[in-house]
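Each remark here refers to the structure printed beneath this line.
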């Protein structure tokens with residue numbers, strides 16, 4: 001399947017890159033960005049104090065999202081096939097969808113995050129997970145076992 005035919009994986013990849021960019025903005029611009037995106041006052045204060053924790057956690061999220069975006073492009077055929085593309089797309093889809101529906105159970109673990117944060121971020125995860133799910137389903141026969 002030509003990459004132009006799988007707009008879902010291309011859109012999922014672009015969403016991953018956009019979300020990675022927003023997270024990177026938190027690292028660069030600090031506490032105000034953490035607050036704006038609803039990460040909690042504690043994360044914002046730690047960022048303002050120059051503590052490493054918010055930067056490390058956010059950098060890991062940025063890297064994961066960038067890799068996931070690359071797998072989306074790979075699955076769509078827009079870039080060279082990456083190792084284990086089929087498996088990666090299934091795992092990425094599952095993680096996004098699981099994160100989107102499990103926020104109620106996660107909320108007590110992060111009490112400083114606002115309800116708005118949880119609702120918006122969960123909606124975004126469900127949306128991106130849906131893009132990955134449909135795009136992966138479209139590509140299933142193209143990926144085949146040799147690329148699993």
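Throughout, read-outs are computed from the coordinates displayed, never taken from laboratory work. All of these numbers come straight from a predicted model, not from anything done at the bench. Positions of Cβ are generated from backbone atoms using ideal geometry, with glycine treated the same way; all protein chains shown enter the neighbour counts.
If every alpha-carbon in the chain counts as one equal scatterer, what log10 I(q)/I(0) does Debye give at q = 0.08, 0.13, 0.22 1/Å? The computed values of log10 I(q)/I(0) come out as -0.25, -0.61, -1.27. Taking Cα atoms only, the orientation of helix 52-76 departs from the longest principal axis of the chain by about 20 degrees. Entry note: the range 34-89 has Rg to Rh equal to 1.21, where both radii use alpha-carbon atoms and Rh is the Kirkwood radius. The C-alpha atoms of the chain define a longest principal axis, and helix 7-29 lies at about 20 degrees to it.
Neighbour counting of Cβ atoms within 10 Å sorts the residues 140, 68, fewest neighbours leading, into 140, 68. Principal-axis analysis of the Cα atoms of the chain puts helix 85-101 at an angle of about 40° to the longest axis. On the basis of the beta-carbon distance and an R0 of 22 Å, residue 64 and residue 127 show a calculated FRET efficiency of 0.80.
Report the far tail of the P(r) of the range 63-116, meaning the percent of Cα-Cα pairs longer than 19 Å. Summing the P(r) of the range 63-116 above 19 Å gives 42 percent of all pairs. Relative contact order of the chain: 33 percent, from C-alpha pairs under 8 Å at least 6 residues apart in sequence.
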